[in-house]
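Novice: Just dropping this structure here.
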Amino acid sequence: MAPTSMDATGGDIKNDVYTAYEDLGSTAANSRAHSTLSLSTTEDSTRRNSEDDDASYRQSQDVTDLYTVPTTRTRGNSHMGEALENLSRTMSSMPEQHSEHQDLRNVQSRRSEKSTRYSIKHMPGLAEEGGSPTLAKQQGVPPELGSLTAEMIFVLVCSAGLMFFAFLLGDITVNQEKLKTALGISNSQLPWLLGAYTLPLSLSVVISGSLSDLTPPRMIMVGAFAWLTVWNIVGVFTISSSRVILFYIVRAMQGLAIGVLVSASMSILGRIYKPGLRKNKVFSAMSATSPFGFWLGGIQGGAFQNCLYWIFGSNAIISGLCLVAAFMVIPPLKPMADIVGTEAPTIRDFDFIGASFAVLGCVCLLFGLTQGSVVNWSPYTYALVIVGILLLIAFFFVERWVARPLIPTRLWETKGFTPLMIAYFLGYGAFSGCWQFFAVQFMLRVQQNSPLTVALYLLPNAIVGVLATWVVSKTLHIVPGHYIYFTAMLAFALGPAFFLPQTSGTTYWALSFPGIALVTFGPDLSFAAASIYITSNVRRSYQGSAGSLLVTMQNLSSAVMTAVGDAIGNKVDVTDGNIGVDGLRAIWWFALAAEVVAALITLIWVRIPKEDEKEEHVI
């Protein structure tokens with residue numbers, strides 16, 4: 001089959017192409033060895049021809065793009081196809097002096113297409129020269145940070161908020177019995193040791209998530225660290241039965257600061273890192289600080305069990321150091337527009353109506369649930385819970401018509417997002433509120449261990465937590481995220497499963513050690529997979545809002561499940577004002593059932609795609 005004819009004005013150059021074509025074709029028919037052309041030699045020839053004719057090329061107004069139609073002989077020889085393609089590129093770079101020209105399109109054979117794909121994969125420079133698309137490049141150090149060292153310090157500072165979130169839970173949780181004596185409170189008031197902290201934290205996360213997207217987050221982070229430092233200093237003077245109210249106020253102020261830190265850090269990280277492998281690693285590293293922080297907080301609390309005021313004093317020193325580091329390494333980011341050329345959102349776009357409904361709803365719901373077990377569920381606690389639920393329902397309806405909602409409406413339209421959040425509520429809430437809180441009580445009160453010993457028992461929580469987040473960073477771009485999420489839900493269920501058979505004489509190594517180690521995969525795998533999925537499915541200007549939604553769900557689920565667990569335990573077994581072993585087992589059975597339901601929801605409805613490299617956030 002002869003090549004398609006050209007217009008007579010094609011000139012001598014096109015005749016030379018026909019001659020070269022026939023010569024190459026006859027060479028392929030006579031000897032395969034003579035038809036094999038070196039790809040690298042041809043490429044060098046192309047480059048030299050382009051340089052020799054550069055002067056005349058600049059004078060030319062028209063350049064003919066010459067393409068050939070491979071014959072049957074070309075299809076039978078892949079080397080022949082490569083030679084013709086390189087010859088066409090060589091001739092297309094030569095000047096054309098005629099005013100008229102005609103493009104002849106190239107129809108590639110299957111073997112030629114395979115050869116081209118191989119060249120793109122292994123010789124990206126040649127692919128770009130030939131006009132072929134290249135594979136997506138992995139992200140490097142963000143330009144806002146400048147160097148790998150600065151990036152590492154930056155990620156550590158941004159992760160400090162999540163670490164403090166768990167740290168301030170751990171140091172109080174292991175000292176439940178010590179604080180009950182020092183503050184002169186009853187066993188029924190123990191949930192307020194955590195409730196006074198998580199309630200304000202939930203409120204600040206809801207509001208500060210959107211504020212971090214609408215204002216420069218650097219000063220928000222610095223201000224939150226300063227606020228936390230001041231109230232930690234005040235907390236030094238609150239360990240007394242006469243100052244129990246001030247103690248609860250300090251815990252509330254800590255919660256406000258931590259909520260701002262967590263949402264602002266997720267806003268900053270979500271803006272700087274585009275969806276891809278590097279973002280997976282960064283968010284996985286951040287989620288690793290949660291179990292590590294809880295263990296460190298437990299060690300700190302156990303070490304200062306005999307001088308509890310030093311818990312707050314050491315916290316003030318740590319938060320002060322973080323304040324200095326945040327001021328030095330966090331870049332001065334500004335609110336960003338989702339589409340180039342459009343106006344960036346400002347504080348005037350903040351959803352004040354939605355924030356009011358969210359704050360009031362959370363206050364009523366969490367206060368009613370926490371206070372219910374203290375006053376044996378008086379009628380006003382039921383009323384607060386009902387009002388809180390109604391306000392939160394109204395909040396979701398309000399968000400549908402405001403110009404810029406606190407929670408991006410795009411998330412609710414994303415397939416699988418709603419069941420993902422329901423599974424997270426059940427799985428994480430049962431883990432934190434029904435298993436972890438009461439497991440520490442079991443080791444302290446039933447097995448008669450000291451706070452420091454219990455903190456050391458939680459060491460697998462830190463080690464396995466780091467391992468779990470490393471697994472996520474290496475697998476989320478290889479396997480779909482819902483497999484990881486399903487594994488997390490199953491891991492949640494292993495905590496109560498290993499504690500249900502225990503008695504006061506059960507050794508740590510028999511059941512507690514494997515239970516604590518395996519259950520740690522739950523919160524770390526689920527948080528890493530969910531946070532990457534959520535922040536990758538919203539616009540750049542909504543990163544803080546999206547991240548705050550997950551943290552809010554953590555706090556709500558923990559408060560709800562703690563209240564439910566406490567109610568179950570008090571109904572089943574109370575001994576000397578404390579929940580007995582049978583009551584603890586009833587709580588763990590409830591936790592196991594909730595986590596199994598979460599796993600089934602994930603298996604049936606949750607779908608999280610693999611995280612591929614992307615050039616930009618969603619629009």
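The values are calculated or read from the model by the stated rules, or taken from the named source; none is laboratory data. Every value quoted in this text rests on a predicted model; they were computed, and no experiment measured them. Don't worry about glycine lacking a Cβ; one is built from the backbone with ideal geometry, like all the others, and counts go over all protein chains shown.
Novice: Kindly evaluate Phe438 against the criterion of being touching a Gly at 6+ places or on another chain (Cβ under 9 Å) and closer than 21 Å to Asn187 by Cα.
Specialist: Yes.
Novice: Would you mind finding the one in Phe247, Phe237 that is aromatic (Phe, Trp, Tyr), in a helix (DSSP H, G or I) and at pLDDT 90 or above?
Specialist: Numbers: Phe237 fails: in a helix (DSSP H, G or I).
Of Phe247, Phe237, the one residue that is aromatic (Phe, Trp, Tyr), in a helix (DSSP H, G or I) and at pLDDT 90 or above is Phe247.
Novice: Next question, about the same structure. Please indicate, with yes or no, whether at least one residue in the range 344-360 is touching a Pro at 6+ places or on another chain (Cβ under 8 Å) and surrounded by fewer than 17 Cβ atoms within 10 Å (Cβ to Cβ).
Specialist: For the range 344-360, residues touching a Pro at 6+ places or on another chain (Cβ under 8 Å) and surrounded by fewer than 17 Cβ atoms within 10 Å (Cβ to Cβ): present.
Novice: Further question on the same structure: Val205 fails exactly one of the following numbered conditions: (1) out of contact with any Phe, Trp or Tyr (no Cβ under 9 Å at 6 or more places or on another chain); (2) more than 25 Å from Leu550 (Cβ to Cβ); (3) surrounded by 23 or more Cβ atoms within 10 Å (Cβ to Cβ). What is the number of that condition?
Specialist: (2)
Novice: Let me ask you something else. Search the range 578-599 for residues that are under 23 Å from Leu190 (Cβ atoms) and touching a residue at least 40 places away in the same chain (Cβ under 8 Å) and pair each with any residue that is in a helix (DSSP H, G or I) and among the charged types (D, E, K, R) when their beta-carbon atoms are under 9 Å apart and the residues are at least 6 apart or on different chains.
Specialist: Close Cβ pairs satisfying both conditions: Asn578/Arg445; Ile579/Arg445; Ile579/Asp566; Ile587/Asp566.
Residues checked against (1) more than 27 Å from the chain's Cα centre (by Cα); (2) over 17 Å from Phe292 (Cα atoms):
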position: Gly146; (1), (2): no, yes
position: Glu151; (1), (2): no, yes
position: Ser159; (1), (2): no, no
position: Phe164; (1), (2): no, no
position: Val174; (1), (2): yes, no
position: Leu179; (1), (2): yes, yes
position: Gly184; (1), (2): yes, yes
position: Gln189; (1), (2): yes, yes
position: Trp192; (1), (2): yes, yes
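Novice: Need pairs with beta-carbon distance below 6 Å; first residue touching a residue at least 60 places away in the same chain (Cβ under 8 Å) and assigned by TED's automatic domain parsing to the domain that holds Val244 and within the range 164-182, second part of a helix (DSSP H, G or I) and aromatic (Phe, Trp, Tyr); sequence gap 6+ or separate chains.
Specialist: Ala166/Phe294; Gly170/Phe294
Novice: Sticking with this one: With the condition kept exactly as written, say whether any residue in the range 192-210 is in contact (Cβ under 8 Å) with a residue 24 or more places away in the chain, aromatic (Phe, Trp, Tyr) and over 24 Å from Pro332 (Cβ atoms). Give the derivation first.
Specialist: Within the range 192-210, the subset in contact (Cβ under 8 Å) with a residue 24 or more places away in the chain is 192-210.
Next, only the ones that are aromatic (Phe, Trp, Tyr) stay: 192, 197.
Pick out the ones that are also over 24 Å from Pro332 (Cβ atoms) and you get 192, 197.
Scanning the range 192-210 turns up at least one residue that is in contact (Cβ under 8 Å) with a residue 24 or more places away in the chain, aromatic (Phe, Trp, Tyr) and over 24 Å from Pro332 (Cβ atoms).
Novice: Looking at Leu323, Leu333, Leu269, Leu261 in this structure, which one is of a type in the set (A, V, I, L, M), under 22 Å from Ala226 (Cα atoms) and part of a loop (DSSP other than H, G, I, E, B)? So that I can check it myself, show each step before the final result.
Specialist: Working: Leu323 fails: part of a loop (DSSP other than H, G, I, E, B); Leu269 fails: part of a loop (DSSP other than H, G, I, E, B); Leu261 fails: part of a loop (DSSP other than H, G, I, E, B).
The match here is Leu333.
Novice: Output the residue which, of all residues in the range 443-492 that are buried (at least 21 other Cβ atoms within 10 Å of the Cβ) and among the aromatic types (Phe, Trp, Tyr), is nearest to Arg585 (Cα to Cα).
Specialist: Ranking the qualifying residues of the range 443-492, first place goes to Phe492.
Residues are listed down the side, and each one gets a yes or a no for (1) surrounded by fewer than 20 Cβ atoms within 10 Å (Cβ to Cβ); (2) part of a loop (DSSP other than H, G, I, E, B); (3) more than 27 Å from the chain's Cα centre (by Cα):
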position	(1), (2), (3)
Ala403	yes, yes, no
Arg410	yes, no, no
Ser432	no, no, no
Ala439	no, no, yes
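Novice: Listed residues Trp605, Trp588; which is touching a helix residue (DSSP H, G or I) at 6+ places or on another chain (Cβ under 9 Å) and under 29 Å from Ile407 (Cβ atoms)?
Specialist: Numbers: Trp588 fails: under 29 Å from Ile407 (Cβ atoms).
After applying the criteria, what remains is Trp605.
Novice: Let me ask something else about it. Output the residues belonging to the range 566-581 that are assigned to a helix (DSSP H, G or I) and modelled with pLDDT under 90.
Specialist: Asp566, Ala567, Asn570, Lys571
Novice: Can you find, within the range 239-267, the residue that is nearest to Thr535 (Cα to Cα) among those that are crowded, with 22+ Cβ neighbours inside 10 Å and not aliphatic (A, V, I, L, M)?
Specialist: Ser267
Novice: When the residues of the range 271-326 are narrowed to those that are in contact with a Phe, Trp or Tyr (Cβ under 6 Å, 6 or more places away or on another chain) and polar (S, T, N, Q), which ends up surrounded by the most Cβ atoms within 10 Å (Cβ to Cβ)?
Specialist: Per the stated criteria, the residue is Ser287.
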